[in-house]
Each structure stands twice: as structure tokens, then as C-alpha cells.
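K.L.:
So that we are looking at the same thing, I have put the structure below in C-alpha cells.
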Amino acid sequence: MKRVVELYQLFLDYLERGTLFVAMILVALLFLINAAGITTEQITGSSLVWVEEVSNLLFAWVVFLGAGAIGRRGGHIGVDILHDYMSPKVMTLLRVVFAALTLIVVWVMVYFGYKMALFVGRSQTSLYLDINLYYYYLAIPAGGLILGLNAIGSALPGAPDQEKLKIEEAEI
């Protein structure tokens, strides 16, 4: 069982790196597309009509992928002062409770996000580029799935230690 948990944590390490890499690429594209739109408008006096559509698509994916990726390392809002005064046993219990509550939210995100993507994708497309809105809404269940996998990993032994991460961040 210990080996399975170690392999799962290793899988999550690679998933995190891959997800953050994709998110960084999307942020770079978001920046370049918006810069091109602004530059074009300043030079020619007319804007690129597709910039807003592509920006919205990229932004949705960046937000949901990023939210899923940072869940395992405690990147979401938390109360550090409580963390500092709790015993390791209580912290382990809280991680399990957090993972269980997160999985409820994940289920809602994945199930209803996918249903919404299918519903909207049947009939709606973006105005200028005719992109099926299914691809916009698919970011919700994708980010939820990554968040769920990371929530499970945060409750298992071998999860990244929050205190160790704070020390590493302070050294940077």
C-alpha cells in the first residue's frame, strides 16, 4: 500500500508540473494576444474582434487549471494561525476533512460543469470565431478533476508539507 501511495504522489507531482506548465503557456498566450490587440488598435484605430473571445477562453482555462493545481500544496485561502497551534494528529485529521469537503465541491464542479458544457455546447458558439462554447465550459470539470486528484493526495501520507513549503518560499 505504501508503494501505491508513493506512486500516486509521484503522479501528482508530474500532474502539477504539467498543469502549471500548460497554465503558464496559456498566460503567455493571453498576454501576447491582448498586447497584439492593443497594439493593433493603437496603430490602425480598429480592434481585432476575436481578441476578447480568445482571451475569455484562455482566461477560463488558466483559472480552473491553476485552481486545481495549487490545491495540493495549500495554495488556496487558509488560516495560518490555526495551523501553527495544532498538533500533527489534528492536522492530519483536518487534511482528511478538507479532502472530503473538497471532493464534494469537486463532484459538483465535474458533474454539473460537464452537464453545463454539453448543454451550452449543443447550441451556442462564440460570436466572431464560431468557437463552440463547450470548450469554454469544459474548463470547469477539467479543473475540478485536477483539484479532486490533488485533494486526495493532500490527505495521503507523503503529501507536500505545508511548513516546509513556507520555509522554502521565505528563502526565495
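The values are calculated or read from the model by the stated rules, or taken from the named source; none is laboratory data. Keep in mind that this is a model prediction, so the values were computed, not measured. Here the Cβ positions follow ideal geometry from the backbone for every residue, glycine too, while neighbour counts run over all protein chains shown. Protein only, heavy atoms only, side chains kept; ligands, DNA and RNA dropped before computing areas. Shrake-Rupley method; radii C 1.70, N 1.55, O 1.52, S 1.80 Å.
Yes/no per residue for (1) open to solvent by 60 Å² or more (accessible area, probe 1.4 Å); (2) small (Gly, Ala, Ser); (3) closer than 23 Å to GLY158 by Cα:
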position: VAL5; (1), (2), (3): no, no, yes
position: LEU10; (1), (2), (3): yes, no, yes
position: ASP13; (1), (2), (3): no, no, yes
position: VAL22; (1), (2), (3): yes, no, no
position: ALA36; (1), (2), (3): no, yes, no
position: GLU52; (1), (2), (3): yes, no, no
position: LEU58; (1), (2), (3): no, no, no
position: ALA69; (1), (2), (3): no, yes, yes
position: ASP84; (1), (2), (3): yes, no, yes
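K.L.:
Based on what the data block shows, is TYR114 in contact (Cβ under 8 Å) with a residue 24 or more places away in the chain, among the hydroxyl-bearing types (Ser, Thr, Tyr), surrounded by fewer than 21 Cβ atoms within 10 Å (Cβ to Cβ) and closer than 23 Å to ILE70 by Cβ?
P.N.:
Numbers: in contact (Cβ under 8 Å) with a residue 24 or more places away in the chain: yes; among the hydroxyl-bearing types (Ser, Thr, Tyr): yes; surrounded by fewer than 21 Cβ atoms within 10 Å (Cβ to Cβ): yes; closer than 23 Å to ILE70 by Cβ: yes.
Criteria met by TYR114.
K.L.:
Here's another thing I want to ask about it. Does the stretch 44-59 include one or more residues that are at positive phi, at pLDDT below 90, in contact with a helix residue (DSSP H, G or I) (Cβ under 7 Å, 6 or more places away or on another chain) and in a loop (DSSP other than H, G, I, E, B)?
P.N.:
No, because not a single residue in the stretch 44-59 is at positive phi, at pLDDT below 90, in contact with a helix residue (DSSP H, G or I) (Cβ under 7 Å, 6 or more places away or on another chain) and in a loop (DSSP other than H, G, I, E, B).
K.L.:
Right, next: Please go through the stretch 117-139 and give me each residue that is open to solvent by less than 50 Å² (accessible area, probe 1.4 Å) and assigned to a loop (DSSP other than H, G, I, E, B), ordered by number.
P.N.:
Result: SER126, ILE131, LEU133, LEU138.
K.L.:
Looking at the stretch 140-153, is at least one residue modelled with pLDDT under 95, in a helix (DSSP H, G or I) and touching a strand residue (DSSP E or B) at 6+ places or on another chain (Cβ under 9 Å)?
P.N.:
No, the stretch 140-153 contains no residue that is modelled with pLDDT under 95, in a helix (DSSP H, G or I) and touching a strand residue (DSSP E or B) at 6+ places or on another chain (Cβ under 9 Å).
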